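Since the structure comes first, as structure tokens, the remarks are kept for the end.
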Amino acid sequence: MPHGLGHLLGIDTHDPGGYPEGLERPKEPGLSSLRTVRELKEGMVITVEPGCYFIDALLIPARDDPVSSKFFNWEEIEKYKSFGGVRIESDVYVTAHGCMNLTNCPRETWEIEAVMAGAPWPLRASTAIAS
């Protein structure tokens with residue numbers, strides 16, 4: 001996840017929130033957007049951004065490393081390199097006991113397929129047919 005696991009949301013859409021003393025933004029190729037680890041506090045609004053990307057600046061060093069290279073299926077990676085990647089982002093409000101997901105969009109395959117076929121969102125029980 002070269003974009004990082006997420007970031008704060010605030011006045012600036014991608015609010016960096018500063019870096020703890022002694023830590024700087026990484027300068028290595030492909031890592032310029034990584035966010036630093038910080039303590040989550042009640043009331044913060046953050047993104048959670050799982051993704052899968054096919055970026056040569058990250059893949060080539062992994063391919064050339066004899067230890068990490070064996071954990072990749074290089075034939076499959078080649079099939080998807082022209083695709084670029086995908087990320088699913090949620091915006092969450094941090095509470096004292098966890099978080100509340102503020103993102104209201106289809107996530108499950110059957111939900112996405114239903115909405116793409118014209119079903120209203122959010123799905124009503126009568127229109128939602130899980131496959």
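The values are calculated or read from the model by the stated rules, or taken from the named source; none is laboratory data. Source: prediction; values computed, not measured. Virtual Cβ from ideal backbone geometry, glycine too; neighbours counted across all protein chains shown. When the accessible area is computed, the model is the full protein with side chains, heavy atoms only, and any ligands, DNA or RNA have been set aside. Shrake-Rupley method; radii C 1.70, N 1.55, O 1.52, S 1.80 Å.
Below are the figures for this structure:
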quantity: Those strands (runs of 3 or more DSSP E) lying entirely in region 49-126 with at least 3 residues touching a residue at least 24 places away in the same chain (Cβ under 8 Å); calculated: 51-53, 85-87, 90-95
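Yes/no matrix, rows are residues, columns are (1) open to solvent by less than 60 Å² (accessible area, probe 1.4 Å); (2) farther than 30 Å from Gly10 by Cβ; (3) touching a Gly at 6+ places or on another chain (Cβ under 6 Å):
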| position | (1), (2), (3) |
| --- | --- |
| Ala57 | yes, no, yes |
| Pro61 | no, yes, no |
| Val67 | no, yes, no |
| Phe72 | no, yes, no |
| Ile77 | yes, yes, no |
| Tyr80 | no, yes, no |
| Ser90 | yes, no, no |
| Val94 | yes, no, no |
| Asn104 | no, no, no |
